[in-house]
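Enquirer: Pasting a structure here, questions to come.
The values are calculated or read from the model by the stated rules, or taken from the named source; none is laboratory data. No experiment lies behind these values; they were computed from the predicted model shown. Neighbour counts run over all protein chains shown; Cβ positions are idealised from the backbone, glycine included. With ligands, DNA and RNA removed, areas are computed over all heavy atoms of the protein, side chains included. Shrake-Rupley method; radii C 1.70, N 1.55, O 1.52, S 1.80 Å.
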Number of protein chains: 2
Amino acid sequence: MVGTHAIKNGNLINTENAVVNIGRRDVQFSFSVYESLRIVEGRAVFFEDHMKRLESSAKGIKMKNSFCADEIDKWIKLLIKADDIDRATIRIYLVGGVDLFITASPILAYPDSYYENGVITYTYKGERLFPQFKTSNLLMSYIALEDSKAKGGFESILENRDGCLLEGTRSNFYALKGDELYTANDELVLSGVTRTRVLKIAKDKGYKIVFEAPKLLDIKKGLYDEAFISSTSMATMPIKSIDEYVFNSNFKQTMDLHILIRKLESKD
Amino acid sequence: MVGTHAIKNGNLINTENAVVNIGRRDVQFSFSVYESLRIVEGRAVFFEDHMKRLESSAKGIKMKNSFCADEIDKWIKLLIKADDIDRATIRIYLVGGVDLFITASPILAYPDSYYENGVITYTYKGERLFPQFKTSNLLMSYIALEDSKAKGGFESILENRDGCLLEGTRSNFYALKGDELYTANDELVLSGVTRTRVLKIAKDKGYKIVFEAPKLLDIKKGLYDEAFISSTSMATMPIKSIDEYVFNSNFKQTMDLHILIRKLESKD
């Protein structure tokens, strides 16, 4: 069953033994990077992209990664077999470059109503450290998301010092205006595995991609038709509202992209 | 012996069992706060100040602290007795507000030569998130310090977007000009337990305290006579150089403050 076992440096362990000692400097300083993947029909979706990003995240914070993609691939398969996994969310957690854990939990999925009605979001003023990389330095994301949840929100959208909406706490962010898709420049946000696909698919469908993060002020002026977020678990997820501003939309464009991304998963 | 045991939620455990499961959301998001204290002659130095800051750090990130100072005091004494501790550095680590660990390690002390010659420092451009609070969101500090160490430095001094030197990665920062002591405004830096004492002692000695973070440019112009950092383990520590700029000083003012702070410890 999903979650019974985990992997530590290639060894199958019981999940309750997936622990780190708090005396370790790398643990105390959040010197770790991670990846979240979907297992669908017993296969890790977009595995190579996730491995590339894990490597890039490690390099980005000057962490030596002692593990290679081939090993990790083998270990994920070992875990899939041990716990007879069909669908799951897998987390790869590289601590200090020297310990690599793989854990599995029931696949993260959202109710249909989220996709039909869009999700409520709130903004939070803050900028991520080393935004392109997926590190454990997540306190701001935690606080921003708690802040949004307390108001009934599903996600928090980070607003930088210039009033631009860059990304969510666990998602990338986009807004649509006519046939233009707006999103922050690559350097300013997480290099999302799903983001890469969103941009490719949108381009193929004829959208013009504008690498310019939408300003909150312009959103509130009604300059954009739709807005959405993306992540491995959400694919694209329509946004119903940002703070007090409610989009007057049926989210058709966002959901068209959604369907195409989910189709890619089975082709991967 | 120091380090044999640790405390978890009041229970004496072997230090190798001071672990957290990596599946926990608070662990994954670095949602924890901590304190480092000195044990000298079997007593926790400035204990009440550290407890106040622990409480303030928890509040600052909206973490409910399930533990009170009286309990923690009792548990530190339990650990001191169990491992027959005379001198040590104690770390209190509050994870998600629900698990409190106390670990001990040999007291952090620095060679006399550091105090005689001053330490080498390098600047790093970056600003801490929630700077007043002592949280585990320490990746930038880790990277900045590694960067300094790679160049032979002892500490890294964080330079904000305005070119001001705010604090070290594990210390507060000050510069002296005549009878004026310059340091950043309280809101911008860690509320250091030692910092509070530095400022009080300096004031008592006749210094005028100027809450204005020195600019790196002004340091390099030679506008300051001495510069130093402070922390629980260092008390005040003279700075020999910042980047390529070398102070032409015997560090007398810094070391006068140092002696007074260490005297306070035994009076506490």
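Enquirer: Which condition number does A:Ser113 fail, the rest of (1) assigned to a helix (DSSP H, G or I); (2) open to solvent by less than 20 Å² (accessible area, probe 1.4 Å) being met?
Expert: So A:Ser113 meets the others, but not (2).
Enquirer: From the list A:Lys200, A:Lys205, exactly one residue is more than 18 Å from the chain's Cα centre (by Cα) and surrounded by fewer than 16 Cβ atoms within 10 Å (Cβ to Cβ). Which is it?
Expert: A:Lys205
Enquirer: Among the listed residues A:Glu180, A:Glu167, A:Glu212, identify the single one that is away from chain B (no Cβ under 14 Å) and surrounded by 16 or more Cβ atoms within 10 Å (Cβ to Cβ).
Expert: Criteria check complete, one pass: A:Glu167.
Enquirer: State yes or no: is B:Asp86 acidic (Asp, Glu) and farther than 25 Å from A:Thr103 by Cβ?
Expert: So B:Asp86 fits the description; yes.
Enquirer: More than 14 Å from chain A (Cβ to nearest Cβ) and part of a strand (DSSP E or B), is that true of B:Ile120?
Expert: Yes; evaluated as a whole, the condition is true for this residue.
Enquirer: Another one. Do you know which residues across region A:204-229 are out of contact with any strand residue (DSSP E or B) (no Cβ under 6 Å at 6 or more places or on another chain) and free of Cβ contacts under 8 Å to residues at least 40 places away in the same chain?
Expert: A:Asp204, A:Gly206, A:Phe211, A:Asp218, A:Lys221, A:Gly222
Enquirer: Which strands (runs of 3 or more DSSP E) sit wholly inside region A:9-73 and have at least 1 residues that are closer than 30 Å to A:Lys263 by Cα?
Expert: Output list reads A:32-40.
Enquirer: Right, here's the next one. Consider A:Asn17 carefully, then state whether it is free of Cβ contacts under 8 Å to residues at least 60 places away in the same chain and within 11 Å of chain B (Cβ to nearest Cβ).
Expert: In short, yes.
Enquirer: Which condition number in (1) buried (at least 18 other Cβ atoms within 10 Å of the Cβ); (2) β-branched (Val, Ile, Thr); (3) within 26 Å of B:Gln132 (Cβ to Cβ) is the one that B:Ile80 fails?
Expert: (3)
Enquirer: Looking at the structure I just gave you, is B:Ser148 polar (S, T, N, Q), in contact with a strand residue (DSSP E or B) (Cβ under 8 Å, 6 or more places away or on another chain) and either open to solvent by less than 10 Å² (accessible area, probe 1.4 Å) or in a loop (DSSP other than H, G, I, E, B) (or both)?
Expert: Answer is yes for this residue.
Enquirer: Among the residues of region B:28-51 satisfying the criterion of being open to solvent by 20 Å² or more (accessible area, probe 1.4 Å) and within 30 Å of A:Tyr34 (Cα to Cα), which is nearest to the other protein chains (Cβ to nearest Cβ)?
Expert: B:Phe29
Enquirer: A:Glu127 passes all but one of (1) within 12 Å of chain B (Cβ to nearest Cβ); (2) open to solvent by less than 50 Å² (accessible area, probe 1.4 Å); (3) outside any helix (DSSP H, G or I); which number fails?
Expert: Status for A:Glu127: all satisfied but (2).
Enquirer: Does A:Leu12 satisfy the criteria of being open to solvent by 30 Å² or more (accessible area, probe 1.4 Å), in contact with a strand residue (DSSP E or B) (Cβ under 9 Å, 6 or more places away or on another chain), under 30 Å from A:Tyr110 (Cα atoms) and more than 14 Å from every other protein chain (Cβ to nearest Cβ)?
Expert: Criteria met by A:Leu12.
The rows are residues; the columns are (1) assigned by TED's automatic domain parsing to the domain that holds A:Ser231; (2) farther than 18 Å from A:Arg195 by Cβ.
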site	(1), (2)
A:Arg53	no, no
A:Asn65	no, yes
A:Cys68	no, yes
A:Ile120	yes, yes
A:Tyr142	yes, yes
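Enquirer: Output the qualifying pairs, or none if there are none: Cβ atoms under 9 angstrom, residues six or more apart or on different chains, first residue in region B:52-78 and in contact (Cβ under 8 Å) with a residue 40 or more places away in the chain and more than 14 Å from chain A (Cβ to nearest Cβ), second residue among the polar types (S, T, N, Q) and not in a loop (DSSP other than H, G, I, E, B).
Expert: B:Trp75/B:Asn11
Enquirer: For residues in region A:234-256 being in a loop (DSSP other than H, G, I, E, B) and not aromatic (Phe, Trp, Tyr), which is surrounded by the most Cβ atoms within 10 Å (Cβ to Cβ)?
Expert: Once the filter is applied, the top-ranked residue is A:Met234.
Enquirer: Checking the condition within 30 Å of B:Asn11 (Cα to Cα), within 8 Å of chain A (Cβ to nearest Cβ) and surrounded by fewer than 21 Cβ atoms within 10 Å (Cβ to Cβ), which residue from B:Ser136, B:Ser105 passes?
Expert: None of the others qualify; the one that does is B:Ser105.
Enquirer: Against the definition (among the basic types (Lys, Arg) and assigned to a loop (DSSP other than H, G, I, E, B)), how does B:Arg91 come out, yes or no?
Expert: no
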